[in-house]
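Nothing in this text is a laboratory measurement; each read-out follows from the coordinates by a stated rule. Because the structure is a prediction, the values reported are computed rather than measured. Cβ coordinates were reconstructed from backbone atoms using ideal geometry, including for glycine residues, and neighbour counts include every protein chain displayed.
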Amino acid sequence: MGRPKQLLPIGGRPLLRHVAERALRSPVDPVVVVLGALADEIAPALTGLPVHPVINPAWNDGLGSSLRTGVESALGLAPVLDGLIILPADQPDLPEHHLEKLIERFLQGDCSLVASQTGDRRVPPVLFGAAWFAWLRQLTGDAGARELLREDRPDFAAIPLASNTDLDTPEDYRNYLRQAPP
């Protein structure tokens, strides 16, 4: 990206703040934000928000270490959780009530994982029930839960996600800005 994507301006504020505010408007509690590379530069984007920033000292080990850090932090803050939502910080156009829909589907009680779905692919954000916490705590490398989401299991559910914008390149960001409403 050439610069920290978490600080890209979206609607006049940093991308990370935009996504954190979206999470805070949902019934998710606590909201844990995992920071890694350039944490000192990125953390001020969260100033004044009631989130719990945590630094992953092993960020260069890959996404798995960040997921482990987030799970450990969330469980340290709230030891009895029914589920955790993994929400990447680079999805600027997540619909306003999407996280609530993941929770509502999970509370129906017949699934252990609720993913977002775009086309035929399960994608983040993903709600992992407590049965998956031990698995999340053992993740390594950079794949995260990608392979798991490809599995066809009867205890998985999905909620449609109309847009899955993921800002990974300068071109992604330029395209997003061209398509985003003012």
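Details
- Top of Arg137, Arg17, Arg25 by mean-square fluctuation, Gaussian network on the chain, Cα under 10 Å: Arg25
- Förster-model FRET efficiency, 22 Å R0, Thr118 and Val80, C-beta, rounded to 0.05: 0.10
- Between region 107-122 and region 34-52, the Cα center-to-center distance that results, in Å: 29
- Beta bridge orientation in the chain: antiparallel %, DSSP, nearest 5: 55
- Distant-in-sequence amide H partners of Thr118 (H built 1.01 Å from N, under 5 Å): Val123, Leu161
- Region 111-182: C-alpha gyration tensor shape, a/c 1.5 cut-off, then a/b vs b/c: prolate
- Only helical runs count toward this figure. For the chain, summing -39,500 (n - 2.57) over DSSP H runs of n ≥ 4 and dividing by all residues gives -8500 deg cm²/dmol at 222 nm.
- Summing charges over neighbours of Arg146, with a neighbour being any other residue whose Cβ is under 12 Å away from its Cβ, gives 0 when K and R count +1 and D and E count -1.
- Contour minus Cα-Cα distance for Thr165 and Asp152 (0.36 nm per residue): 2.3 nm
- Charging the Cβ of each Asp and Glu at -1 and of each Lys and Arg at +1, and nothing else, the dipole of region 5-179 about its Cα centre rounds to 200 debye.
- Spin-label pair Leu24-Ala130: with each label point 7 Å from Cα along the Cα-Cβ axis, the two points sit 2.8 nm from one another.
- Cβ crowding within 10 Å averaged over residues, with 65-74, 140-149, 81-90, 156-165 ranked highest first: 65-74, 81-90, 156-165, 140-149
- In Hz, Karplus ³J(HN,Hα) per residue of region 26-41 (6.51, -1.76, 1.60; θ = phi - 60°; x = Gly, Pro): 9, x, 6, 7, x, 9, 9, 10, 8, 10, x, 4, 6, 4, 5, 7
- Model label points for Leu107 and Arg137, set 7 angstrom from Cα along the Cα-to-Cβ axis, are 2.7 nm apart.
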